[in-house]
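For reference, the structure is listed below as structure tokens.
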Amino acid sequence: MMKMYGMGGMGMPGMEVGETLILNASNALVQYVFQHPKTKSAPIICAQLYDLAVLGQRQLEPEEMAKFVARTNEIMMLLTK
């Protein structure tokens with residue numbers, strides 16, 4: 001999914017060569033992205049899903065955490081509209 005949005009290897013600290021991200025195809029967010037790949041929200045959802053998966057494996061680096069928090073705030077603001 002990261003390749004699909006041109007995000008693979010691009011400024012993704014910690015995304016090492018050979019890492020594999022496995023997504024649950026039954027997850028509502030994953031289904032949404034596959035059904036609506038051209039929406040404005042798809043890239044932000046992909047980045048958030050990736051960071052959440054990373055958080056399940058290790059701590060985010062300070063720069064990664066800052067981006068994650070900023071993106072989370074952006075998502076929360078979108079929910080208020």
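Taking the options LEU29, LEU78, name whichever one is surrounded by fewer than 13 Cβ atoms within 10 Å (Cβ to Cβ) and in a helix (DSSP H, G or I).
Only one candidate qualifies: LEU78.
What number of residues in the range 45-75 are assigned to a helix (DSSP H, G or I) and buried (at least 16 other Cβ atoms within 10 Å of the Cβ)?
Taking the range 45-75 first, the residues assigned to a helix (DSSP H, G or I) are 45-55, 62-75.
Okay, now just the ones that are also buried (at least 16 other Cβ atoms within 10 Å of the Cβ), so 45-51, 54, 64, 67-68.
Of the residues in the range 45-75, 11 are assigned to a helix (DSSP H, G or I) and buried (at least 16 other Cβ atoms within 10 Å of the Cβ).
Test ALA25 against the criterion of being among the aliphatic types (A, V, I, L, M) and touching a Phe, Trp or Tyr at 6+ places or on another chain (Cβ under 9 Å), and give yes or no.
On the way: among the aliphatic types (A, V, I, L, M): yes; touching a Phe, Trp or Tyr at 6+ places or on another chain (Cβ under 9 Å): yes.
The answer is yes for ALA25.
Which count do you get for residues in the range 15-39 that are of a type in the set (A, V, I, L, M) and modelled with pLDDT under 90?
Number of matching residues: 5.
State whether one or more residues within the range 45-56 are among the aliphatic types (A, V, I, L, M) and touching a His at 6+ places or on another chain (Cβ under 8 Å).
For the range 45-56, residues among the aliphatic types (A, V, I, L, M) and touching a His at 6+ places or on another chain (Cβ under 8 Å): absent.
List the residue pairs whose Cβ atoms are under 7 Å apart, where the first residue sits in the range 45-67 and is over 16 Å from THR20 (Cβ atoms), the second is surrounded by 13 or more Cβ atoms within 10 Å (Cβ to Cβ) and at pLDDT below 90, and the two are 6 or more positions apart or on different chains.
ALA47/MET7; GLU61/GLY14; GLU64/GLY14
The values are calculated or read from the model by the stated rules, or taken from the named source; none is laboratory data. On a predicted model such as this, the values are computed, not experimentally measured, just so you know. Here the Cβ is made from the backbone with ideal geometry for all residues, glycine too, and neighbour counts use every protein chain on show.
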